[in-house]
Structure formats: C-alpha cells, structure tokens
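Below is one structure, written out as structure tokens; comments come after it.
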Amino acid sequence: MLQLNVPFIKGSEIEHAATETLRRYAKATGTLPRPPIPIDGIIESLFGLTLEVEDLKARLGVGDVLGATWFDEQIVRVDTSLEAEGKEGRFAFTLAHEGGHWTLHRPLWEAEKVTRPLFAGAPGKDPPPAIVCRASQAKARAEVQADQYAAALLMPAS
C-alpha cells in the first residue's frame with residue numbers, strides 16, 4: 001500500500017463533491033436520491049466499481065480493517081463483520097467512505113503512478129489495495145476527508 005500525499009481540501013469542496021455525486025446519480029437514474037441514499041448503486045453503477053464483501057482481516061492480515069479500495073482493479077471490499085444485524089449504518093458509511101477515496105483520492109493515485117516507479121507485485125498474487133481503512137488508526141488527512149465526503153453523501157444538507 002502506498003501512502004498518498006493528500007493535500008488539504010476545504011470542507012465546502014468535499015461537500016460539493018458529494019453533492020455532485022448525487023446530482024450525477026440522479027441524472028443517470030432519473031430519480032432524485034433521498035435518504036437512505038442507495039450507496040451500493042452509486043458505488044456499482046455510477047462509479048463502475050465491483051463491490052465485494054469478504055474477510056478482509058484474513059486477506060490483509062490487519063485486525064481492525066473495515067474496508068479497502070483497489071483503484072487499479074476498480075474494486076471496493078468491505079469486511080464481513082459489517083454484514084451483521086444492526087451494522088447496516090456502519091456498512092453504508094464504510095461504502096460511502098470508500099466512495100470518498102474513489103472520488104477525492106483516486107486522481108492523486110493516478111498522478112503518482114505517472115511520477116513514481118511502478119512497484120511490481122509477486123507473480124500470481126493479488127495486488128495490494130491502494131487504501132486500507134482501519135477502525136483504530138489515527139485519522140490521516142485522507143481518512144478525515146473520506147469521512148466528510150461520506151457524511152455529506154449519506155446525509156445531504158438539502
């Protein structure tokens with residue numbers, strides 16, 4: 001996993017990005033999304049990502065992982081622990097958070113791919129995710145921004 005050099009983004013710009021996502025989804029589907037926001041539809045149809053639920057703790061060897069995004073492979077994975085009854089809100093927030101990384105941080109990833117040497121993974125092994133979101137990690141700037149995006153997307157001011 002690469003550490004992205006994430007610049008400061010004003011909260012109003014993050015909220016605008018979330019609002020623009022909702023506008024694009026409304027245009028694509030012909031319906032104005034209302035809470036509960038169909039985040040799985042946004043992830044899969046609007047962003048064109050594959051959504052998978054699996055045991056990320058085992059896959060990544062990280063005990064407190066909630067979600068991860070593979071930019072190059074266009075995959076978002078959410079840990080199976082969030083499928084438990086009563087965790088629907090956490091599941092939706094994690095999906096929206098990963099959508100925040102896709103919207104806000106993928107362009108940085110793409111730019112860094114051009115300016116840094118590409119790291120070749122071992123043959124036959126899955127590439128590592130670009131972003132791994134953990135429950136207990138100190139909030140890096142990218143994580144705070146993805147949280148702000150998720151909040152604005154799932155609970156739009158309008």
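Distance from a point 7 Å along Cα→Cβ of Ser45 to each backbone N in region 51-74: keep the residues under 17 Å and list them by number. Only 51 pass the distance filter. Would you mind checking the pairs Lys57/Lys139; Lys113/Lys139; Lys27/Lys139; Lys10/Lys57 and listing those with alpha carbons more than 26 angstrom apart? Going by Cα-Cα distance, Lys27/Lys139; Lys10/Lys57 fall outside the 26 Å limit. Among Ile39, Ile9, the order of accessible area from largest down is Ile9, Ile39, computed with a 1.4 Å probe on protein heavy atoms. Suppose we keep just the DSSP beta bridges with both residues in region 12-113; what percent of those would be antiparallel, to 5? Among the beta bridges of region 12-113, antiparallel pairing accounts for roughly 45 percent.
So, by mean Cβ neighbours within 10 angstrom, what's the order for 29-36, 94-101 with the highest one leading?
Those peptides, ordered most packed to least, come out 94-101, 29-36.
Partner aspartates and glutamates whose Cα lies under 18 Å from the Cα of Lys87, excluding those fewer than 8 positions away in the same chain, are identified as Asp40, Glu52, Glu54, Asp55, Asp64, Asp79, Glu98, Asp147.
The values are calculated or read from the model by the stated rules, or taken from the named source; none is laboratory data. Given the structure is predicted, the values throughout are model-derived calculations rather than measurements. Quick reminder, even Gly has a Cβ in these numbers, built from the backbone with ideal geometry, and neighbours come from all protein chains shown. Side chains included, ligands, DNA and RNA excluded: accessible areas come from the protein's heavy atoms. Shrake-Rupley method; radii C 1.70, N 1.55, O 1.52, S 1.80 Å.
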